[in-house]
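*Asks:* I have a structure I would like to understand better, so I am pasting it below and will then ask my questions one at a time.
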Amino acid sequence: MSSATGDPSTGGPAPAVAEPDWNEGILVPRSERGFRTQERLLEAASEIFVRDGFLDAKITDITALAKMSSGSFYTYFDSKEAIFTAVIKKVNEGLYVAASVPTGSSRDPLERFELVTRAYVRAYQENAGLLAILEQVATISPRFREMRRNIRQIFRNRSEKGIRRLQGEGRVDPTLSPRCVAEAITSMVSNFCYVWLVLGEDYEEEEVIQTLTTLWASGIGLKPAVES
C-alpha cells in the first residue's frame, strides 16, 4: 500500500499541485500608452461589472464605456474572465496595501489593530460592489472560488505571522493555534464588512471599527506588555 502522501497509482511521490496562474489571459502592455489603455479598460470593466454583474456584463459594453474598439480589448485581455481577474487582483492589492501597518507606526498591538481595521474597512467601502460580485461568482466558478480562497489566505497568513510574534512576546496564549485564530479574525472582519456594506445592515463606521478592534484584541486574549 502506498503512503498517504504518495501517488496511489504508482506508490511514488504525489504529483505537485500547480498553483493557479492569475496572470493567464492578461497581456502585459509594451508601452506607457499601452498601460494607460489597459487601465482605461480596467476602470470601465469595474463599472460594468458592478452595474450588470459578472454573468450579464458584456465585453462590448466595457469597450464602449472605455471608448475603444472590441479589437483593442483583445490586445490586453483574452476573455471576460481575464479582465475580471485583473480587476479583482487590483482590488485585492489595494486592500492589502491599505491594511498594511505603515512604517513608524506605534508598536502597541491594540493601536495597530485599530489602524489596520480602519484602513481595511474604508478600502472595503470603496470596493464593496466588486467584492460582492466576486462572492457571487465564486459560488459558480471553481477558478474564482480558488481566487477567493487565495485572497483570504494572503490576509490570514499575515495575521498568523503577527499572532506568532505576539505569542513569542508572551502577549497571547501560546496554546492557541495561530492559523485557526488568524482564520477566525479574518472571517470576522471580512464577513462583517460583507453583511454591512454589501447586504446593507445599518451600522456607523466608527462603531464598527471600535467593535472589531476590541473583539480582535479580546479574541486573542491580548495581554499587557511585560515591564522590563
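The values are calculated or read from the model by the stated rules, or taken from the named source; none is laboratory data. All of these numbers come straight from a predicted model, not from anything done at the bench. Here the Cβ is made from the backbone with ideal geometry for all residues, glycine too, and neighbour counts use every protein chain on show. Surface areas here come from the heavy atoms of the whole protein model, side chains and all, with no ligands, DNA or RNA. Shrake-Rupley method; radii C 1.70, N 1.55, O 1.52, S 1.80 Å.
*Asks:* Go through 207-220, 39-52 and give me the packing order, highest mean Cβ count within 10 Å leading.
*Replies:* Per-residue mean Cβ counts within 10 Å order the peptides as 39-52, 207-220.
*Asks:* Please give the per residue accessible area of segment 166-228, computed with a probe of 1.4 Å over protein heavy atoms only, in Å².
*Replies:* Result: 58 Å² of accessible area for each residue.
*Asks:* Now a separate question. Based on the Cα coordinates of segment 131-228, what is the per residue volume of their convex hull in Å³?
*Replies:* In segment 131-228, the Cα convex hull volume per residue is 99 Å³.
*Asks:* Only one of the values (1) 170; (2) 116; (3) 194 was calculated from this structure for volume of the Cα convex hull per residue in Å³; name its label.
*Replies:* It is the value labelled (3).
*Asks:* About its Cα centre, what dipole magnitude does the chain give when the only charges are +1 on Lys and Arg Cβ and -1 on Asp and Glu Cβ, stated in debye to the nearest 20?
*Replies:* Around 620 debye, computed over the chain.
*Asks:* Okay, moving on. Amide H neighbours of Phe77 under 5 Å, at least 5 residues apart or on other chains, H built in the peptide plane: list them.
*Replies:* For Phe77, the qualifying residues are Leu27.
*Asks:* By how many degrees, between 0 and 90 and to the nearest 10, does the Cα long axis of helix 32-56 differ from the longest principal axis of the chain?
*Replies:* 80 degrees
*Asks:* Here's a follow-up. Going by the alpha-carbon gyration tensor, a ≥ b ≥ c the square roots of its eigenvalues, is segment 82-196 rounded (a/c under 1.5) or, if a/c is not under 1.5, prolate (a/b greater than b/c) versus oblate?
*Replies:* The shape class here is prolate.
*Asks:* Taking only DSSP H segments of four or more residues, each worth -39500 (n - 2.57), what value at 222 nm results for the chain once the sum is divided by all its residues, to the nearest 500 deg cm²/dmol?
*Replies:* It lands at -22500 deg cm²/dmol.
*Asks:* Helix 142-168: angle to the longest alpha-carbon principal axis of the chain, degrees 0 to 90, nearest 10?
*Replies:* The helix 142-168 is inclined about 30 degrees to the chain.
*Asks:* Taking only Cα atoms of segment 142-186, what ratio of Rg to Rh do you get with Rh as the Kirkwood inverse-distance radius?
*Replies:* 1.11
*Asks:* Could you tell me what percent of the accessible area of segment 57-106 is made up of carbon and sulfur, with a 1.4 Å probe and every protein chain present?
*Replies:* Taking all protein chains in place, segment 57-106 shows 57 percent carbon and sulfur surface.
*Asks:* If you bin the C-alpha pair distances of segment 187-228 every 10 Å from 0, what whole percents do you get?
*Replies:* 25, 43, 20, 9, 2
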